Amino acid sequence: MATDLPAGVQGAVDTALATVDELPESTDRGRGRGRDFDAPIGWRRAGRYLLLALVSFVVLFPIYTTVIAAFKPSDAFFDHPLLPGPFTFDVIVDAWTAGNLGRYLFNSLVVATIVTVFQVVSAVLAAYAFAFLRFPGRNLFFVLFIATLLVPLEATLVVNFDTVDGLGWSNSYLGLAAPFLATAFGVFLMRQVFMTLPRDLRDAAAIDGVGHFGFLWYVAVPLVRPTLGALALFGFLGAWNQYLWPNLIINETEMNTVQSGLRVLSRSNLDQPNLVMAGTLVAAVPVVIVLLVFQRQLVRGLTAGAVKG
C-alpha cells in the first residue's frame with residue numbers, strides 16, 4: 001500500500017525500520033560479549049562460595065561437636081567423639097543436676113536483666129542530652145565519654161573490686177551488675193541515631209508545649225525502637241557472658257552465674273567431658289532464644305541510617 005509521506009517523516013520511518021532489522025544481530029553480539037565477560041565472574045563467584053563454605057565450617061564445627069557430645073554417653077563419646085551415635089538425654093539431666101544449672105541460670109538471668117535495663121535507660125538519657133541539648137563543652141564531654149571505651153575492663157578490676165567490696169555488695173546481684181550499669185558504646189550508638197531525627201520534630205514539640213521528657217518518651221524513643229532493641233540485645237549478651245568479674249566478686253557457690261558454674265562443673269568432672277558439653281549447651285539455650293526473638297530488631301537497629309533517600 002503506497003502512501004505519500006513528507007520527506008522528513010519518510011526518512012524517520014526508514015531509519016526505524018533499518019534499526020529493527022539490525023536488532024537480532026546486535027542482540028547476538030551482546031550475548032556473545034556477555035558470555036565472554038561472565039566467565040571470570042563465574043570463577044569469582046565460585047571462589048566466594050568456597051570461602052563462605054570454609055568460614056561456615058570453621059564456625060559451625062565447634063557447635064557440631066558440642067551438640068554431638070552433649071547427647072552421647074561417656075563410653076560412646078570416647079570411642080567416636082565426632083561421629084553421631086547413640087543419643088540420650090541422661091547427660092543433659094546429669095549436667096543440670098550435678099552443675100546446679102537451674103540456680104546459676106536464674107542468677108545470670110537476674111544480673112543480665114538488671115544490666116540491660118540500666119544500660120538502655122542511661123544510654124537513652126545521656127544520648128538525648130548530647131544530641132538535643134545545648135550546653136558549654138558538649139562535644140568535649142562527649143569525646144571524653146567515648147574515650148572510656150579505650151580503657152579495658154582488666155584495668156579497672158582492682159578499683160571496682162575495692163569499691164564494691166567496700167560498699168558491702170560482694171556476693172550479691174548488685175555487686176555483679178554495678179560495674180556494667182552504663183556503657184559508653186550504648187551512649188554513642190543512641191546519640192548517633194538521635195542525630196538522624198529531624199530537628200524540626202523537637203521544635204514542633206516545643207511549640208506545642210511538650211517538654212524534653214515528653215518528646216523523648218512519645219516521639220524520639222518510638223522512632224528509634226530498632227536501635228534500642230539492638231542495644232538491649234548487646235547489653236544482655238555481654239552481661240550473660242561475663243566470666244572474669246563474677247569469679248572475682250563471688251565466693252559463695254549459690255551466687256555463681258552460669259559461666260562460673262560451668263567452670264565448677266568442668267573442674268569436678270574432668271573424666272566426663274560430655275557432661276561439660278551438655279552444661280555448655282544448656283547455658284547457650286537462653287542466648288539462642290534471645291537472638292531468635294530479637295534478630296529483626298538487631299538487623300534493623302544496626303542498619304538504621306545506612307541507606308539514605
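The values are calculated or read from the model by the stated rules, or taken from the named source; none is laboratory data. Everything quoted here is computed from the prediction, not taken from an experiment. Here the Cβ positions follow ideal geometry from the backbone for every residue, glycine too, while neighbour counts run over all protein chains shown. The area values use the complete protein model at the heavy-atom level, side chains included, leaving out ligands, DNA and RNA. Shrake-Rupley method; radii C 1.70, N 1.55, O 1.52, S 1.80 Å.
Scanning region 155-172 for residues being surrounded by 11 or more Cβ atoms within 10 Å (Cβ to Cβ) and on the phi > 0 side of the Ramachandran plot gives a total of 1. Can you find even one residue in region 71-88 that is open to solvent by 80 Å² or more (accessible area, probe 1.4 Å), at pLDDT 85 or above and within 27 Å of Val288 (Cβ to Cβ)? No, every residue in region 71-88 fails to be open to solvent by 80 Å² or more (accessible area, probe 1.4 Å), at pLDDT 85 or above and within 27 Å of Val288 (Cβ to Cβ). Take region 277-289 and flag every residue that is closer than 17 Å to Asn241 by Cβ and among the hydrophobic types (A, V, I, L, M, F, W, C). Leu281, Val282, Ala283, Ala284, Val285, Val287, Val288, Ile289, listed by residue number.
Just one of (1) under 28 Å from Ile92 (Cβ atoms); (2) surrounded by 21 or more Cβ atoms within 10 Å (Cβ to Cβ) fails for Asp271. It is (2). Just a yes or no: is a residue in region 42-57 in a helix (DSSP H, G or I), within 25 Å of Val285 (Cα to Cα) and open to solvent by 100 Å² or more (accessible area, probe 1.4 Å)? Yes, region 42-57 contains a residue that is in a helix (DSSP H, G or I), within 25 Å of Val285 (Cα to Cα) and open to solvent by 100 Å² or more (accessible area, probe 1.4 Å).
Within region 135-154, does at least one residue satisfy the condition of being open to solvent by 30 Å² or more (accessible area, probe 1.4 Å), modelled with pLDDT under 90 and closer than 21 Å to Asn251 by Cβ? Within region 135-154 (the criterion being open to solvent by 30 Å² or more (accessible area, probe 1.4 Å), modelled with pLDDT under 90 and closer than 21 Å to Asn251 by Cβ), the answer is yes, since at least one residue qualifies.
Each residue in region 101-116 was checked for being surrounded by fewer than 18 Cβ atoms within 10 Å (Cβ to Cβ) and within 20 Å of Asn269 (Cα to Cα), and 2 of them qualify.
Only a single item in (1) touching a Phe, Trp or Tyr at 6+ places or on another chain (Cβ under 8 Å); (2) part of a loop (DSSP other than H, G, I, E, B); (3) free of Cβ contacts under 8 Å to residues at least 60 places away in the same chain is not met by Gly209, and it is number (1).
Ala283: modelled with pLDDT of 90 or more, out of contact with any strand residue (DSSP E or B) (no Cβ under 7 Å at 6 or more places or on another chain) and either within 25 Å of Ile68 (Cα to Cα) or open to solvent by less than 20 Å² (accessible area, probe 1.4 Å) (or both), yes or no? In short, yes. Look at Gln295 and say whether it is modelled with pLDDT of 90 or more and either hydroxyl-bearing (Ser, Thr, Tyr) or assigned to a helix (DSSP H, G or I) (or both). Judged against the criteria, Gln295 is not a match.
Candidates are the residues of region 117-134 that are over 19 Å from Thr196 (Cα atoms) and in contact (Cβ under 8 Å) with a residue 24 or more places away in the chain; the one that is surrounded by the most Cβ atoms within 10 Å (Cβ to Cβ) is Gln119.
So for region 16-34 (the condition being touching a helix residue (DSSP H, G or I) at 6+ places or on another chain (Cβ under 7 Å), open to solvent by less than 90 Å² (accessible area, probe 1.4 Å), modelled with pLDDT of 50 or more and among the hydrophobic types (A, V, I, L, M, F, W, C)), does at least one residue qualify? Scanning region 16-34, I find no residue that is touching a helix residue (DSSP H, G or I) at 6+ places or on another chain (Cβ under 7 Å), open to solvent by less than 90 Å² (accessible area, probe 1.4 Å), modelled with pLDDT of 50 or more and among the hydrophobic types (A, V, I, L, M, F, W, C), so the answer is no.
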